[in-house]
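In what follows, a structure is listed as structure tokens, so that the remarks can point back to it.
The values are calculated or read from the model by the stated rules, or taken from the named source; none is laboratory data. Everything quoted here is computed from the prediction, not taken from an experiment. Cβ placement follows ideal geometry from the backbone for every residue including glycine, while neighbour counts extend to all protein chains displayed. Note: accessible area is taken over every heavy atom of the protein model, side chains too, but ligands, DNA and RNA are not part of it. Shrake-Rupley method; radii C 1.70, N 1.55, O 1.52, S 1.80 Å.
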Amino acid sequence: MIKLTGSFLDEITHDIPSLNYDERQWDREFACMKKIGIERVIMIRCGHKKFMTFPSATLHELEKAFIPPEDLVAMFLRLCEKHGIKFFFGTYYSGRDWLLATYDPAYESDIMCRVCDEAWERYFKHSPAFGGWYLSQEISDKRSFQVVKCYQQVGRHCKSISNGMPILISPGITGPKLGLNKRRTYPITPERHREEWDWIFGEISGIVDYAAFQDGHVEFEDLETYLKINAELAAKHGIKLWTNLETFDRDIPGTMPPIDWAKLFIKLQAAERAGISEAITFDFAHMLSPYSSYSASNLLRKYCTYAGIPIPEECQDRR
Amino acid sequence: MIKLTGSFLDEITHDIPSLNYDERQWDREFACMKKIGIERVIMIRCGHKKFMTFPSATLHELEKAFIPPEDLVAMFLRLCEKHGIKFFFGTYYSGRDWLLATYDPAYESDIMCRVCDEAWERYFKHSPAFGGWYLSQEISDKRSFQVVKCYQQVGRHCKSISNGMPILISPGITGPKLGLNKRRTYPITPERHREEWDWIFGEISGIVDYAAFQDGHVEFEDLETYLKINAELAAKHGIKLWTNLETFDRDIPGTMPPIDWAKLFIKLQAAERAGISEAITFDFAHMLSPYSSYSASNLLRKYCTYAGIPIPEECQDRR
Amino acid sequence: MIKLTGSFLDEITHDIPSLNYDERQWDREFACMKKIGIERVIMIRCGHKKFMTFPSATLHELEKAFIPPEDLVAMFLRLCEKHGIKFFFGTYYSGRDWLLATYDPAYESDIMCRVCDEAWERYFKHSPAFGGWYLSQEISDKRSFQVVKCYQQVGRHCKSISNGMPILISPGITGPKLGLNKRRTYPITPERHREEWDWIFGEISGIVDYAAFQDGHVEFEDLETYLKINAELAAKHGIKLWTNLETFDRDIPGTMPPIDWAKLFIKLQAAERAGISEAITFDFAHMLSPYSSYSASNLLRKYCTYAGIPIPEECQDRR
């Protein structure tokens with residue numbers, strides 16, 4: 001049976017509300033995550049445009065990024081060490097549009113590499129909790145070939161400075177629920193998806209270790225088909241396939257609430273039928289935590305019941 | 001004075017967040033509803049596209065619908081029996097656009113009838129809590145004549161298999177707050193509304209027992225005018241007029257929060273002036289329940305104070 | 001250091017959910033506000049289209065406004081007196097578009113003045129809590145010259161009836177995050193902003209006492225530039241400059257949640273660097289209150305820690 005073993009950390013958000021937690025509150029989250037089986041957390045990006053999660057000299061200088069009031073990387077790493085959870089570090093996301101001809105993959109890669117260097121020196125080289133790197137650009141098809149170049153350069157670099165620590169990506173599928181702007185007029189079919197990802201996986205084979213496609217862009221009835229194609233391609237190219245089991249609902253206009261359990265159930269079943277054994281999710285703190293909202297707490301209970309996980313005391317909702 | 005005596009159950013949602021409640025939590029909701037005067041609940045639809053509230057063989061076969069993880073119909077019916085509340089069963093909603101020429105009312109009616117047959121056999125024929133049928137398509141004017149055909153076929157069929165159990169509809173008004181897609185370029189006036197609903201009511205007279213128009217599509221100052229027209233037409237055609245006193249706010253972009261009490265107050269007064277004595281609402285669990293959100297709990301208190309209902313212990317907010 | 005000394009009251013909302021509080025709940029809000037340094041509250045408008053905060057004969061007659069179920073002005077004024085907070089009264093906002101040629105500033109001013117007369121007679125002339133007038137139209141550039149005429153007429157009138165009580169405005173900046181409809185195709189630059197507000201401030205000098213620009217319409221990196229221009233112009237025209245330190249997040253599509261602390265921190269720093277010493281915010285009750293939401297409560301804690309304010313017992317979140 002598939003298990004949920006990872007969650008994104010999204011405190012440098014661009015589309016969902018900030019939680020504004022302090023360390024005591026994150027400590028509770030980590031305790032709860034650990035109890036229900038989360039073994040790794042993935043910080044979704046270390047910087048987004050001019051905001052950053054730690055005071056990077058590179059970003060301050062090259063991107064004129066703001067010095068942040070708190071060091072989230074240091075805090076998350078402390079909590080990972082405390083709770084025995086692995087930390088994946090998401091690369092910088094500049095916000096520049098890689099579908100435009102002006103996107104410069106060499107320049108983007110250079111910044112990303114430098115920021116990884118800084119973080120490696122500052123935090124990870126001595127931390128037993130460091131689990132790997134997450135390449136934060138969410139591509140979904142071959143039009144993002146410029147990002148594939150970044151994956152290659154940044155991925156090789158990260159592996160080289162860290163003695164081969166693993167690398168994760170979490171791409172999308174160019175389905176009907178992908179954002180309009182990214183989808184544009186590009187109709188995807190299973191055949192085309194297979195063909196394009198065969199090429200992409202070929203380019204990043206040996207660099208990227210784990211791929212966890214976001215599972216919310218296609219119609220529920222088509223998910224199994226796409227997951228099976230992904231599984232086939234991943235096996236062919238020596239990449240380990242996980243799934244990004246999104247716990248937010250993409251069908252509710254204008255907001256991102258915890259998903260209806262009936263939908264999550266269908267997605268879990270599709271992943272199991274495709275032979276996938278591990279899932280990460282976006283994201284525990286907003287969509288599953290008893291400290292987030294009432295419906296998140298309820299979704300956690302449904303998942304735990306399904307997965308045969310006793311609801312731990314730490315995760316009880318007391319409302 | 002008008003009383004709120006019914007609520008929709010919306011756990012097969014397409015536009016508001018799922019609550020993900022388990023039976024214990026729904027039990028609390030039903031207890032609270034009963035205490036403040038709710039006598040009937042209306043399950044908004046038994047299936048929506050490929051999702052369903054009970055494992056219908058018809059929908060699984062003809063619509064390739066997913067077998068659901070839980071049987072909501074069985075659960076809601078149990079709770080209705082426990083709390084002395086009547087259950088209205090909403091027909092299947094395929095999601096196919098009835099404004100298109102491709103919409104086939106015979107085919108749609110056939111599926112809906114078969115699903116009602118299944119549910120009748122499986123749940124209702126022996127249940128004292130069964131209160132009637134709800135035709136789930138929300139039409140608002142004559143352009144939806146294909147749905148009127150469905151109302152006739154499905155309505156007659158439901159009545160025939162259930163010894164004449166009552167039938168409810170909850171149409172909209174083609175006003176400025178109706179969804180853009182449904183509204184299109186169709187300007188409504190009170191005169192045109194009267195003319196078109198005179199025809200529609202004529203078509204469904206003797207089949208539909210109750211009509212509860214959604215009260216949120218028109219400007220607040222125009223509501224009384226439309227309700228009075230509806231009352232006049234309903235009387236003419238022998239249909240009992242209720243109102244669907246929407247407790248969510250249609251004026252907040254991108255979200256559906258509990259409505260401002262000042263607005264609900266205006267709508268209550270308009271309904272009273274139109275001589276309507278019973279209201280149903282969309283919906284108690286999200287918009288009025290003390291277990292939903294803070295503002296829902298506050299709205300319930302305002303309503304109860306207005307209606308002279310002592311706030312029962314079950315409905316106290318403890319936050 | 002800049003201090004947060006004021007908050008809007010938004011219970012006649014047009015874009016965020018109503019709280020539906022009763023007086024006991026507002027009492028808690030006022031107690032909490034007072035403890036963290038709020039010295040004044042600004043009722044954002046006394047009427048909006050056909051809704052009003054007190055039963056104004058003028059609005060009922062001229063605008064066919066609905067008689068409200070509660071008198072918010074009386075209640076807020078009682079609570080201001082109880083807690084030692086000053087009350088600013090926001091003028092009527094008709095909702096008519098002042099960018100259209102049909103907008104009639106004489107007619108609009110006349111209604112606004114009459115409503116202020118009513119409120120002055122009814123509530124303020126004997127209340128020690130009355131703190132001043134708030135001109136509620138949120139203009140952002142010179143295209144709103146018709147509103148500038150209203151500011152002059154209404155401002156002079158309000159001052160004359162109240163023995164010169166102060167007058168506040170809270171304009172926007174025509175930046176990239178201003179609503180599309182208001183922004184239209186009007187690109188702002190710092191130079192153009194300076195030029196247009198030099199003219200506007202010249203027109204209202206001697207009438208308007210305080211200007212607190214909304215700080216969320218421009219990119220974070222540009223805010224300091226605009227605030228410094230505002231400070232320079234305000235000094236030139238004898239207007240006291242505050243800032244409207246928006247505590248909601250303008251970057252989350254479709255909703256207005258409490259802002260990420262990292263963003264508020266940047267805005268606080270920009271205001272300090274521009275020499276501004278006082279901030280008002282939109283708004284305490286939704287975005288900072290421990291009774292609103294979990295993330296609001298967290299944002300309050302971050303702000304209080306930053307500002308060196310001990311979190312008072314009244315403002316502790318107990319969830």
Just to be sure I understand, how many residues within region A:98-145 are acidic (Asp, Glu), open to solvent by 20 Å² or more (accessible area, probe 1.4 Å) and part of a loop (DSSP other than H, G, I, E, B)?
2
Can C:GLU196 be described as in contact with an Asp or Glu (Cβ under 8 Å, 6 or more places away or on another chain) and either of a type in the set (Lys, Arg) or over 23 Å from C:PRO253 (Cα atoms) (or both)?
yes
For region C:247-262, check the following and say yes or no: at least one residue is away from chain B (no Cβ under 14 Å) and free of Cβ contacts under 8 Å to residues at least 40 places away in the same chain.
yes
May I ask you to verify whether C:ARG45 is among the charged types (D, E, K, R) and either part of a helix (DSSP H, G or I) or surrounded by fewer than 22 Cβ atoms within 10 Å (Cβ to Cβ) (or both)?
no
Examine region B:261-269 for a residue that is assigned to a helix (DSSP H, G or I) and modelled with pLDDT under 95, and state whether such a residue exists.
no
Regarding B:PHE54, is this residue touching a residue at least 60 places away in the same chain (Cβ under 8 Å), crowded, with 20+ Cβ neighbours inside 10 Å and assigned to a helix (DSSP H, G or I)?
no
Is there any pair linking a residue in region C:135-160 that is under 15 Å from C:GLY206 (Cα atoms) to one that is aliphatic (A, V, I, L, M) and outside any loop (DSSP other than H, G, I, E, B), with Cβ under 6 Å and at least six apart or on different chains, and which?
C:LEU135/C:ILE169; C:VAL148/C:ILE200; C:TYR151/C:LEU135; C:TYR151/C:ILE204; C:VAL154/C:MET112; C:GLY155/C:ILE167
Residue by residue through region B:1-12, note down the ones that are open to solvent by 10 Å² or more (accessible area, probe 1.4 Å) and within 11 Å of chain A (Cβ to nearest Cβ).
B:GLU11, B:ILE12
Quick check on A:GLY254: is it over 30 Å from B:MET256 (Cα atoms) and assigned to a loop (DSSP other than H, G, I, E, B)?
no
Look at region B:121-163 and say how many of its residues are in contact with a Ser or Thr (Cβ under 6 Å, 6 or more places away or on another chain) and closer than 16 Å to B:PHE87 by Cβ.
2
Among the residues in region B:225-242, are any touching a Pro at 6+ places or on another chain (Cβ under 7 Å), within 14 Å of chain A (Cβ to nearest Cβ) and either of a type in the set (A, V, I, L, M) or open to solvent by 20 Å² or more (accessible area, probe 1.4 Å) (or both)?
no
Quick check on my filter: what residues within region A:57-79 are without any contact (Cβ under 8 Å) to a residue 24 or more places away in the chain and either farther than 22 Å from A:GLN25 by Cβ or of a type in the set (Val, Ile, Thr) (or both)?
A:HIS60, A:GLU61, A:LYS64, A:ALA65, A:PHE66, A:ILE67
When you look at B:ILE173, is it within 18 Å of B:ARG96 (Cα to Cα), outside any helix (DSSP H, G or I), touching a residue at least 40 places away in the same chain (Cβ under 8 Å) and aliphatic (A, V, I, L, M), yes or no?
no
Going residue by residue through region B:201-212, is there one that turns out to be within 14 Å of chain C (Cβ to nearest Cβ) and over 21 Å from B:GLY90 (Cβ atoms)?
no
From the list C:GLY84, C:GLY95, C:GLY37, which one is open to solvent by 10 Å² or more (accessible area, probe 1.4 Å), more than 26 Å from B:LYS302 (Cα to Cα) and within 13 Å of chain B (Cβ to nearest Cβ)?
C:GLY95
In region C:60-74, is there at least one residue being within 12 Å of another protein chain (Cβ to nearest Cβ) and on the phi > 0 side of the Ramachandran plot?
yes
Working only within region C:279-319, note down all residues that are part of a helix (DSSP H, G or I), within 14 Å of chain A (Cβ to nearest Cβ) and open to solvent by 50 Å² or more (accessible area, probe 1.4 Å).
C:ARG301, C:THR305, C:TYR306
Assess whether C:SER56 counts as being farther than 16 Å from C:GLU246 by Cα and small (Gly, Ala, Ser).
yes
Of all residues in region B:146-170, how many are part of a loop (DSSP other than H, G, I, E, B) and either crowded, with 23+ Cβ neighbours inside 10 Å or of a type in the set (A, V, I, L, M) (or both)?
2
Residues of region A:263-275 being open to solvent by 10 Å² or more (accessible area, probe 1.4 Å) and either more than 10 Å from every other protein chain (Cβ to nearest Cβ) or out of contact with any strand residue (DSSP E or B) (no Cβ under 9 Å at 6 or more places or on another chain) (or both), which ones?
A:PHE265, A:GLN269, A:GLU272, A:ARG273, A:ALA274, A:GLY275
What pairs come out if I take residues in region A:80-100 that are closer than 19 Å to A:SER56 by Cβ and charged (D, E, K, R) and pair them with residues that are open to solvent by less than 30 Å² (accessible area, probe 1.4 Å) and outside any strand (DSSP E or B) whose C-beta lies under 8 Å away, six or more apart or interchain?
A:ARG96/A:TYR103; A:ARG96/A:GLU108
Would you be able to say whether some residue in region A:20-32 is of a type in the set (Phe, Trp, Tyr), buried (at least 19 other Cβ atoms within 10 Å of the Cβ), more than 14 Å from chain C (Cβ to nearest Cβ) and under 16 Å from A:TYR291 (Cα atoms)?
yes
